[in-house]
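*Asks:* Have a look at this one.
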Amino acid sequence: MKNLLFIISLFFVFSCKDNNSTKDTSIKNNKQIKPNVIVIVADDAGYIDFGFMGSKDLQTPELDKLAKSGVVFTDAHVSATVCAPSRAGLITGKYQQRFGFEANGTGYGNSGDIGLSDDVVTMADVFKQNNYKTIALGKWHLGGTESDHPNKRGFDEFYGFIAGGRSYFPIKKPSKHHMLQQNGKRVKFDGYLTDVLGNRSVNFVEENKDQPFFMYLAYNAVHTPMEAKKEHLEKYKDHPRKTLASMTWSLDENIGKLRNKLKDLNLLDNTIIYFISDNGGAHNNDSKMGPLKGWKGTKFEGGHRVPFVVSWPKKIEGNQVFKGLTSSLDIFTTSIDAAKIKKDEALKLDGVSLLPYLQNKKKGNPHSKLFWRKLDEAGARIGNHKLIRLDGFGFSMYNLNKDLGETNDISKSDINSFKNVKKELESWENKMIKPLWLEEPEWMNVTYDIHKLLMRNEEVIHKSPKKNNLLFSIKL
């Protein structure tokens, strides 16, 4: 009898231990239920300059793997056609015109450096408040004052540079905004900047493998200056777009290194990875827009329709192509939805969660309308209709379903549609505020004239101010 009681008591002891062990495992696993979130932003990349977008001459095997593991979007757009305001929209999940961040740069002339409004909330703010480790790598371009430093905008770590561009190789005496830094302290490096940023992204994952993290990985590739590693230039020595091909290859390599690290640590399946370009390809980096009209800085499709991929193997089936109207503004909302973070009622976002569409719970377009505005130029997309307005010049409108290249102006032949889209644009503008700064007159003048010519389907010869910095004006 005593032996029986002893055996029973042992059973209860080990049973309790097993229950505690199960509970501990459950707690540990709960930490891993929340997905990691990585937003990778390329700079000035052409619409068709990746294998998954149909490129025949630029090699991107790692990005093609990412695309195959997730969803490729064919009608995705950023909220601005130039770097800084586009990034402001992405990182806040709302139209940047709501807080006056409309022109490129972060201030001009007497305005001083304004950057992001002090009261605007970033993705990093929300993730940090919800126990995510946060890091911003690479190009910032959202403000150079102390209040706009990434460490003040929700990021535990900043490993990058403040300015809108810089050399890919070491600079002997860089300015405060052009130096590579880690949380305000200069980092001296050897080699090629794309590799340096890629290496830090890999190390960060290794350091934070046991907790959820949010990574904003903003490469400056393939923005000018057009600089590449010698071995890659040799690899593509006979390529007609040699330097761009080399820079793209390096970008692709480093994204592959990051995915491989995630895979090695068994984190890849539960990591949401976004890949997007901040705007259309630039006129000065050999990028190609394929069937799209225009390029960076214009309100035509080539300025704001961009390559976009979302991958989350645990929750989203791969090998998908999504044709619905989508925006970079959706990244914020989608991410907090995936992480099951309750949105603060005071936080007003213009994006929508893409998850129901990507998980076949909803059909159709995430957006029925999108808008763009930068000073003198504005655009609106309502259904298949695309309107472009140039202040002091006029309008043009296109049916993108029939005319993706935006060559057939129907603003005067489809009066009812024109009036409707124009009214929608004006209604949206009434909810925005005036821009808090302008741009250099040289660039405003050239951009204005470019839009005139494109609206007339005429050839654009001059795409930037003269080198002597004199005002440039096309005689019309």
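*Asks:* What is the one condition in (1) open to solvent by less than 30 Å² (accessible area, probe 1.4 Å); (2) free of Cβ contacts under 8 Å to residues at least 24 places away in the same chain that K363 does not satisfy?
*Replies:* (1)
*Asks:* So which residues in the range 321-339 are part of a helix (DSSP H, G or I) and over 11 Å from H77 (Cβ atoms)?
*Replies:* Matches in the range 321-339: I331, F332, T333, T334, S335, I336, D337, A338.
*Asks:* Does L137 satisfy the criteria of being in contact with a Leu (Cβ under 7 Å, 6 or more places away or on another chain) and closer than 27 Å to E377 by Cα?
*Replies:* No; evaluated as a whole, the condition is false for this residue.
*Asks:* Tell me which strands (runs of 3 or more DSSP E) are completely within the range 354-401 and hold 3 or more residues being closer than 20 Å to N279 by Cα, or say none if there are none.
*Replies:* 369-374, 377-382, 385-390
Yes or no, residue by residue, for (1) within 19 Å of A42 (Cβ to Cβ); (2) modelled with pLDDT of 95 or more; (3) open to solvent by 10 Å² or more (accessible area, probe 1.4 Å); (4) not small (G, A, S):
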position	(1), (2), (3), (4)
W295	yes, yes, yes, yes
E301	yes, yes, no, yes
V310	yes, yes, no, yes
K314	no, yes, yes, yes
G318	no, yes, yes, no
F332	yes, yes, no, yes
A346	no, no, yes, no
S353	no, yes, yes, no
P356	no, yes, yes, yes
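*Asks:* Any idea how many residues of the range 405-432 are surrounded by fewer than 13 Cβ atoms within 10 Å (Cβ to Cβ) and not acidic (D, E)?
*Replies:* Qualifying residue count for the region: 10.
*Asks:* While we're here: Cβ contacts < 8 Å: first residue free of Cβ contacts under 8 Å to residues at least 12 places away in the same chain and closer than 19 Å to A218 by Cα, restricted to the range 254-266; second residue assigned to a helix (DSSP H, G or I) and among the acidic types (D, E), any location; separation 6+ or different chain. Result?
*Replies:* Sorted first by the residue in the range 254-266, then by its partner, the list stays empty.
*Asks:* Okay, next question. Would the range 434-446 turn up any residue that is open to solvent by 70 Å² or more (accessible area, probe 1.4 Å), within 26 Å of I331 (Cα to Cα) and either at pLDDT below 95 or not aliphatic (A, V, I, L, M) (or both)?
*Replies:* Yes, the range 434-446 contains a residue that is open to solvent by 70 Å² or more (accessible area, probe 1.4 Å), within 26 Å of I331 (Cα to Cα) and either at pLDDT below 95 or not aliphatic (A, V, I, L, M) (or both).
*Asks:* While we're here: Of the numbered conditions (1) open to solvent by 70 Å² or more (accessible area, probe 1.4 Å); (2) under 30 Å from S147 (Cα atoms); (3) in a loop (DSSP other than H, G, I, E, B), P225 fails exactly one; give the number of that condition.
*Replies:* Among (1) open to solvent by 70 Å² or more (accessible area, probe 1.4 Å); (2) under 30 Å from S147 (Cα atoms); (3) in a loop (DSSP other than H, G, I, E, B), P225 violates only (1).
*Asks:* Scan the strands (runs of 3 or more DSSP E) fully inside the range 54-167 and keep the ones with 2 or more residues being open to solvent by less than 10 Å² (accessible area, probe 1.4 Å) and more than 29 Å from I388 (Cα to Cα).
*Replies:* Filter on the range 54-167 gives 133-139, 157-161.
The values are calculated or read from the model by the stated rules, or taken from the named source; none is laboratory data. Note that the coordinates shown come from a computational prediction; the quantities given were computed from them, not determined experimentally. So basically every Cβ, Gly included, is an ideal-geometry build from the backbone, and we count neighbours across all protein chains shown. The protein model used for the area step is the full one, side chains on, heavy atoms only, and it has no ligands, DNA or RNA in it. Shrake-Rupley method; radii C 1.70, N 1.55, O 1.52, S 1.80 Å.
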